[in-house]
Amino acid sequence: MGTSRFSFNMFDHPIPRVFQNRFSTQYRCFSVSMLAGPNDRSDVEKGGKIIMPPSALDQLSRLNITYPMLFKLTNKNSDRVTHCGVLEFVADEGICYLPHWMMQNLLLEEGGLVQVESVNLQVATYSKFQPQSPDFLDITNPKAVLENALRNFACLTTGDVIAINYNEKIYELRVMETKPDKAVSIIECDMNVDFDAPLGYKEPERQAQHEEAAEGEADHSGYTGELGFRAFSGSGNRLDGKKKGVEPSPSPVRPGDIKRGIPNYEFKLGKITFIRNSRPLVKKVEEDEAGGRFVAFSGEGQSLRKKGRKP
């Protein structure tokens, strides 16, 4: 009695290429501060790239993946997702090192499991950020500062809170929107950047300016209370020892002579007043009407030769 064999090939249909070239594995993640070595790796905290083990580079080199290498990080316990690039392949096997702000976005603790998958992202054309503190407004040119900081990032994900370092201070910004997708690549792109109002920022209240009419002239009598410094107001001593004429005899002070710091109550916004301390011209004493007016050729002439009488 013959027997017949039945064979079933579950791979009769070719696997799509997107799955053939996909890199997907799990690592235990740690913050960069846990990275052993003499070198200071604080540069990892200033960007959006991670450090992976050398075996990942070996697997990626065998796959026909597109460059630059971009990855999707998933915390399956909290369903939190973000995207990143890779900086180096020097981590221990089974471990990857992430920036601290990235671990906070994924709700990961030290030694937690993270799923790492290779992805292809569209190039960014637009992004909007919301500073998480009003201190960000103290920066003179925030767009230039952000543009310089984003050079250490490979991609952006809507909803993430990224951290940038400027003048030895950490500023956090939430990614509110990205175009053309919720996750975009920002490597060699021309991206428009916009900002939302910082978290907790309150616009200053505008107070209506009411012009108050001046009621009469200002009373400056209070300025005459303190005379202040007066020249030659002391007493003197005579060489002959007499006391006559040594007592001080200050000249009377008029209130108009000691007015100082009186504000200009007639000042109006937008009007510039130039005040010149010009001295008044000394008035000449008028001469008599007869001799005061100038008359041309009214003088007397003199002759060297005396006029003699003719005989």
Report task. Check region 17-27 and report whether any residue there is open to solvent by less than 90 Å² (accessible area, probe 1.4 Å), modelled with pLDDT of 80 or more and assigned to a loop (DSSP other than H, G, I, E, B). Result -> yes
Report summary line: Those residues of region 94-113 which are among the hydrophobic types (A, V, I, L, M, F, W, C) and touching a Ser or Thr at 6+ places or on another chain (Cβ under 7 Å) amount to Leu98, Met102, Met103, Leu106, Leu107
Query raised in the report: Of all the residues that make up region 94-126, how many are out of contact with any Leu (no Cβ under 6 Å at 6 or more places or on another chain), open to solvent by less than 40 Å² (accessible area, probe 1.4 Å) and over 15 Å from Gln26 (Cβ atoms)?
Result: 6
Requested in this report: Check region 59-70 and report whether any residue there is out of contact with any Pro (no Cβ under 6 Å at 6 or more places or on another chain), among the small types (Gly, Ala, Ser) and closer than 15 Å to Leu113 by Cβ.
Outcome: no
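Looking at the structure I just gave you, is Lys143 in a strand (DSSP E or B) and basic (Lys, Arg)?
no
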Report summary line: Per the list (1) surrounded by 12 or more Cβ atoms within 10 Å (Cβ to Cβ); (2) in a helix (DSSP H, G or I); (3) not hydrophobic (A, V, I, L, M, F, W, C), residue check on Asp58 breaks on (1)
Query raised in the report: Restricting attention to region 47-73, which residues are under 22 Å from Leu107 (Cβ atoms) and under 35 Å from the mean Cα position of the chain (by Cα)?
Result: Gly47, Gly48, Lys49, Ile50, Ile51, Leu70, Phe71, Lys72, Leu73
Report task. Please state which of the following conditions Thr158 fails to meet, knowing it meets all the rest: (1) closer than 19 Å to Tyr97 by Cα; (2) open to solvent by 20 Å² or more (accessible area, probe 1.4 Å); (3) not aliphatic (A, V, I, L, M). Result -> (1)
Report task. Taking the options Ser133, Ser78, name whichever one is over 20 Å from Asp190 (Cα atoms) and more than 29 Å from the chain's Cα centre (by Cα). Result -> Ser78
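For every residue, the table says whether it meets (1) among the polar types (S, T, N, Q); (2) modelled with pLDDT of 90 or more; (3) in contact with a strand residue (DSSP E or B) (Cβ under 6 Å, 6 or more places away or on another chain).
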position	(1), (2), (3)
Arg62	no, no, no
Tyr67	no, no, no
Leu73	no, yes, yes
Thr82	yes, yes, yes
Phe89	no, yes, no
Cys96	no, yes, yes
Glu110	no, yes, yes
Glu117	no, yes, yes
Query raised in the report: Looking at region 145-198, which of its residues are within 18 Å of the chain's Cα centre (by Cα) and either over 23 Å from Val44 (Cβ atoms) or polar (S, T, N, Q) (or both)?
Result: Asn148, Asn165, Asn167, Val193, Asp194, Phe195, Asp196, Ala197, Pro198
**Report entry** Hits in region 71-93 (condition: open to solvent by less than 30 Å² (accessible area, probe 1.4 Å), out of contact with any Ser or Thr (no Cβ under 8 Å at 6 or more places or on another chain) and of a type outside the set (Val, Ile, Thr))
**Finding:** Asn75, Cys84, Gly85, Ala91
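The values are calculated or read from the model by the stated rules, or taken from the named source; none is laboratory data. Model, not experiment: these values are computed from the prediction. As a convention, Cβ positions derive from the backbone with ideal geometry for all residues, glycine included, and neighbour counts pool all protein chains shown. Side chains included, ligands, DNA and RNA excluded: accessible areas come from the protein's heavy atoms. Shrake-Rupley method; radii C 1.70, N 1.55, O 1.52, S 1.80 Å.
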